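Nothing in this text is a laboratory measurement; each read-out follows from the coordinates by a stated rule. Because the structure is predicted, anything quoted here is derived from the model rather than measured. So basically every Cβ, Gly included, is an ideal-geometry build from the backbone, and we count neighbours across all protein chains shown.
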């Protein structure tokens with residue numbers, strides 16, 4: 001046996017350069033992408049982590065970075081910038097407690113559904129417990145600043161943009177996609193028309209909305225005055241200013257939802273739809289039992305992508321209101337940007353890392369409790 | 001060595017051509033100049049081809065929004081990118097740029113360039129806006145003082161006097177608010193003041209506060225106690241200023257909290273405001289025959305003042321007397337605010353020598369009377385008068401469409417402000433942007449939006465400024481603050 005093996009090894013020819021290249025071709029092909037990723041994503045991430053733990057100052061001939069540990073994060077969470085980042089907390093009343101209880105029930109329900117689902121692992125349980133706890137923390141901060149006499153900070157304002165904005169955009173996008181999937185005349189025209197806002201740069205949309213919404217010289221100013229509200233402006237009240245930002249964001253991003261959902265709807269099994277129609281099923285019934293299960297995985301994924309994108313909102317609040325009135329429309333990205341442009345690079349990086357943390361928590365929670373179950377729904 | 005080189009190159013230019021601009025001198029040289037978008041950008045951009053034709057130097061004007069300008073310049077220079085060869089910016093930022101060693105010392109070049117006519121530049125701009133620690137780092141292109149504008153016709157019609165105090169300002173604003181001021185059938189506004197966050201609004205706060213905290217001359221200071229750097233915020237003067245801002249909002253446009261100066265200026269020129277606070281730009285915009293509906297109907301005056309000033313020991317307001325208001329006019333303490341200090345050009349110390357020469361020649365060209373005298377009379381340039389020869393009525397103003405009567409009040413207001421011994425100098429300590437554009441701006445914006453009350457606003461500004469003092473160093477900041485205002 002041994003002698004045979006030795007003979008066999010001796011007879012196997014050594015691989016040539018070409019064969020070796022073939023064998024490592026995959027790694028070589030990936031290498032440039034890895035190097036680029038390291039240079040442009042990982043390296044800046046590490047540098048910004050150091051910035052977040054430092055204080056930047058100009059010095060003769062350049063600048064200094066003084067290591068201050070978690071000082072920038074402490075300032076945001078418990079220090080002098082808490083009002084700016086987390087907000088000002090008000091006293092909890094019955095409504096606030098009710099909202100907290102509702103959120104807790106919803107999260108417990110999601111957890112219970114996972115536990116009953118069958119494919120339960122220890123890692124899965126621990127991961128979900130962490131994401132549920134952190135999500136509950138975000139809910140508490142949101143309720144403490146919104147449902148009380150408090151004032152929301154940039155964290156809660158960003159969550160508002162994300163939760164309300166993405167929900168509205170999804171519903172509108174789905175509605176438009178369902179309409180455009182019908183055999184109606186000129187539907188290709190409408191498809192192109194609905195898609196146009198997505199191709200406009202966000203800052204362009206922001207300036208357009210600023211002009212449209214100008215209460216003194218805008219095109220709708222005479223109309224608004226004719227309704228007797230000439231002495232009011234959306235820009236001076238917190239909720240109307242946030243609403244205007246949401247309207248602009250929705251106008252731009254609904255087409256993204258629309259186009260992806262339209263593709264998913266058109267890919268649903270036609271035979272099942274036809275069969276259901278022959279059997280006398282109504283539109284709502286077909287949507288609930290055939291269309292929705294077919295598009296649910298795509299819907300979950302498109303919302304996830306949009307969630308990640310929505311956390312980075314900056315152009316609209318920056319151009320429309322400069323973050324005002326007060327802090328009402330300032331998002332976390334704008335918060336970081338304002339800190340950066342006033343030379344507070346450490347605070348800016350710290351806000352950036354908080355944004356990364358919060359968006360990761362929200363997106364993982366959404367993925368675990370919505371996207372994954374939706375895939376099971378399809379299967 | 002750097003001074004010697006600069007001096008030598010300037011002398012070469014001087015000896016060869018008399019002035020810096022000579023045909024073909026800078027052929028092939030490109031100078032990247034950064035400034036703000038809109039006004040200020042306009043004259044720099046418009047005159048760049050003229051300068052290129054004269055000297056061969058290509059001037060590439062890069063414009064960014066005002067709120068980004070400070071950091072864009074700083075990032076370019078501090079990171080060593082050095083794509084910006086020169087910039088036109090606020091003199092108060094000079095202290096940060098010099099701390100990093102990014103600004104070229106221009107003393108020798110200015111002294112060697114007679115075409116600049118330095119003696120004609122107003123003393124305040126020559127000695128404060130251009131200089132730091134005795135050396136010249138900037139070339140003044142614009143003169144900046146806050147002043148008050150009013151509708152002469154409306155005041156006369158209503159039998160009202162030009163406001164001299166902030167209380168009178170509110171009375172006039174209240175009396176005229178809601179009247180149709182331009183004949184378009186819609187009610188107009190008693191007062192227009194830029195109050196937008198993250199814009200250029202935060203300077204207007206100090207107009208009101210300063211008239212109550214500074215009464216004993218420029219060197220007394222309006223921002224901090226010169227003894228220990230305590231912010232002059234937790235006092236009745238600051239609280240009264242907050243009341244003024246809140247009250248004036250009632251007589252302003254409904255979206256005043258979202259209006260920057262670029263929004264209030266056309267409002268005044270279109271005849272929609274009875275009173276307005278701004279820099280000198282409104283005067284030249286108001287005589288624009290194309291866009292102004294207030295030609296012959298407007299006036300200007302030194303910023304209103306106060307008949308009460310803050311006792312720094314007690315924080316209480318006290319009536320003006322000869323002791324506590326030595327510079328009061330008819331019992332009113334005026335403290336005209338040299339807000340911003342006038343746009344000026346500075347040159348990147350790391351630029352190539354030839355580029356520095358071209359940049360200096362360009363700034364010299366822009367500030368020379370032949371160019372400057374035209375630019376300061378045009379509203380859209382953002383440049384206001386800063387040369388002594390520009391501050392009296394002459395053919396310059398007559399040709400621009402200003403009457404002698406208008407010039408008397410407009411230029412008179414600038415002269416009164418510039419010559420006031422109680423003028424407020426803008427904050428010029430390291431990282432002054434954080435004190436004003438972040439802490440002060442944010443707190444006032446939150447107050448006006450109703451997020452926080454008066455006491456919380458006072459505490460937000462006081463705590464924010466104290467925190468910055470502690471982080472940067474109280475003693476260092478105090479020393480620089482005292483030096484910049486000339487405190488004994």
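Could you put A:184, A:290 in order, starting from the residue whose Cβ has the fewest other Cβ atoms within 10 Å?
Values: A:184 9, A:290 18.
Ordered from fewest to most neighbouring Cβ atoms within 10 Å, A:184, A:290 come out as A:184, A:290.
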- Rounded, prolate or oblate: which one fits region B:366-488, using the alpha carbon gyration tensor with axes a ≥ b ≥ c (rounded when a/c is under 1.5, else prolate when a/b beats b/c, else oblate)? prolate
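Looking at the protein assembly as shown only, what percent of DSSP beta bridges run antiparallel? Nearest 5 please.
70
What order do you get for A:63, A:366 when you list them from fewest to most C-beta neighbours inside 10 Å? If you can, show how the numbers build up before the last one.
Numbers: A:63 16, A:366 19.
The fewest-first ordering by Cβ neighbours comes to A:63, A:366.
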- Taking the alpha-carbon centroid of each part, what is the distance from region B:170-196 to region B:23-38 in angstrom? 43
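Note the full-extension length gain between residue B:81 and residue B:160 as 0.36 nm times their separation in residues minus their Cα-Cα distance, in nm to one decimal.
Values: separation 79, 0.36 × 79 = 28.44 nm, distance 5.70 nm.
Length difference between fully extended and current span is 22.7 nm.
What FRET efficiency comes out for residue B:247 versus residue A:201 if R0 is 51 angstrom and r is the Cβ-Cβ distance? Round to the nearest 0.05. List each step's numbers first, then the result.
Numbers: r = 40 Å, r/R0 = 0.79.
Step by step, r from the Cβ atoms, then E = 0.80.
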- Ranked output for segments B:136-144, A:294-302 by mean other Cβ atoms within 10 Å, highest leading, reads B:136-144, A:294-302
- Task: Compute the acute angle (0 to 90°) between the alpha-carbon long axis of helix B:236-250 and the principal axis of greatest extent of the alpha-carbon atoms of chain B; round to the nearest 10°.
- Result: 90
- Task: Quantify how strongly other chains surround peptide B:438-451 by giving the mean number of their Cβ atoms within 10 Å of each of its Cβ atoms.
- Result: 5
- Largest to smallest principal axis extent of the C-alpha atoms in chain B, angstrom: 62, 53, 40
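Would you mind classifying region A:152-379 by shape? Square roots of the alpha carbon gyration tensor eigenvalues, ordered a ≥ b ≥ c; an a/c under 1.5 is rounded, otherwise it is prolate if a/b is larger than b/c and oblate if not.
Working: a/c = 2.66, a/b = 1.47, b/c = 1.81.
Judged from the Cα gyration tensor, region A:152-379 comes out oblate (a/c at least 1.5, b/c at or above a/b).
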- Message: Ranking request for peptides A:77-85, B:193-201: highest mean number of other beta-carbon atoms within 10 Å first, then the rest in descending order.
- Response: B:193-201, A:77-85
- Task: Just check region B:353-406 against the gyration tensor rule for me: Cα atoms, a ≥ b ≥ c as the square roots of the eigenvalues, rounded for a/c under 1.5, and otherwise prolate or oblate depending on whether a/b exceeds b/c.
- Result: prolate
- Task: Give the angle, between 0 and 90 degrees and rounded to the nearest 10, that separates the Cα long axis of helix B:474-485 from the longest principal axis of the Cα atoms of chain B.
- Result: 90
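Take the Cβ-Cβ distance between residue A:101 and residue A:80 as r, set R0 to 30 Å, and report the resulting FRET efficiency rounded to the nearest 0.05.
Working: r = 33 Å, r/R0 = 1.09.
That gives a FRET efficiency of 0.40.
What is the mean number of Cβ atoms from other protein chains located within 10 Å of the Cβ atom of each residue in peptide A:80-87, rounded to a whole number?
2
Can you put A:254, A:88 in order of Cβ neighbours within 10 angstrom, beginning with the fewest? Write out the running numbers ahead of the final one.
Numbers: A:254 24, A:88 20.
In increasing order of surrounding Cβ atoms, one gets A:88, A:254.
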- Message: For the pair residue B:288/residue B:476, report the inter-label distance in nm, with labels modelled 7 Å from Cα in the Cβ direction.
- Response: 4.3
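Cα-based Rg of region A:90-149 per 2.2 N^0.38 Å, rounded to two decimals? Before the final figure, lay out the partial values.
Details: Rg = 13.8 Å, N = 60, 2.2 N^0.38 = 10.4 Å.
Relative to the rule-of-thumb radius for its length, region A:90-149 sits at 1.32.
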- Task: Give me the distance in nm between label points sitting 7 Å out from Cα along the Cα-to-Cβ direction at residue B:314 and residue A:22, one decimal.
- Result: 9.8
- Message: Once you keep just the Cα pairs under 8 angstrom separated by 6 or more residues, what percentage relative contact order results for region A:300-351?
- Response: 25
- Using per-residue counts of other Cβ atoms within 10 Å, averaged over each peptide, order A:36-43, A:240-247, B:439-446, A:47-54 from highest down. B:439-446, A:240-247, A:47-54, A:36-43
- Task: Quick one: among A:352, A:322, A:98, which has the greatest mean-square fluctuation in a GNM of chain A with alpha-carbon springs under 10 angstrom?
- Result: A:98
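Taking only Cα atoms of the protein assembly as shown, what ratio of Rg to Rh do you get with Rh as the Kirkwood inverse-distance radius? Provide the component values of the computation, followed by the final result.
Numbers: Rg = 31.7 Å, Rh = 30.5 Å.
Reported Rg/Rh (Cα atoms, Kirkwood Rh): 1.04.
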- Item | Degrees separating the helix B:353-367 axis from the principal Cα axis of chain B, which is the longest one | 50
- Anyone know which of A:270, A:23, A:128 comes out most mobile in the 10 Å Cα GNM of chain A? A:23
- Query: Is any residue of region A:95-118 close enough, with backbone N under 20 Å, to a label point placed 7 angstrom from the Cα of residue A:239 along the Cα-Cβ axis, and if so, which?
  - Reply: A:95-100
- Could you give me the radius of gyration and the Dmax of region A:72-207, taking only the C-alpha atoms into account and expressing both in angstrom? 20.6, 60
- Across A:61, A:117, A:326, the residue with the highest GNM fluctuation in chain A (Cα network, 10 Å cutoff) is A:61
- For chain B, what is the percent of antiparallel DSSP beta bridges, rounded to the nearest 5? 60
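Compute the FRET efficiency between residue B:408 and residue A:232 as 1/(1 + (r/R0)^6), taking r as their Cβ-Cβ distance and R0 = 56 Å, and round to the nearest 0.05.
On the way: r = 40 Å, r/R0 = 0.72.
Once the sixth-power term is evaluated, E becomes 0.90.
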- Message: How high is the relative contact order of chain B? Use alpha-carbon pairs under 8 Å, at least six apart in sequence, and give a whole percent.
- Response: 23
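Within 10 Å of each Cβ in A:228-239, how many Cβ atoms from other chains are there, averaged over the peptide? Present the calculation step by step, with values, prior to reporting the outcome.
Details: counts 0, 1, 3, 4, 2, 7, 3, 7, 11, 3, 3, 0.
Taking the mean over all residues of the peptide, I get 4.
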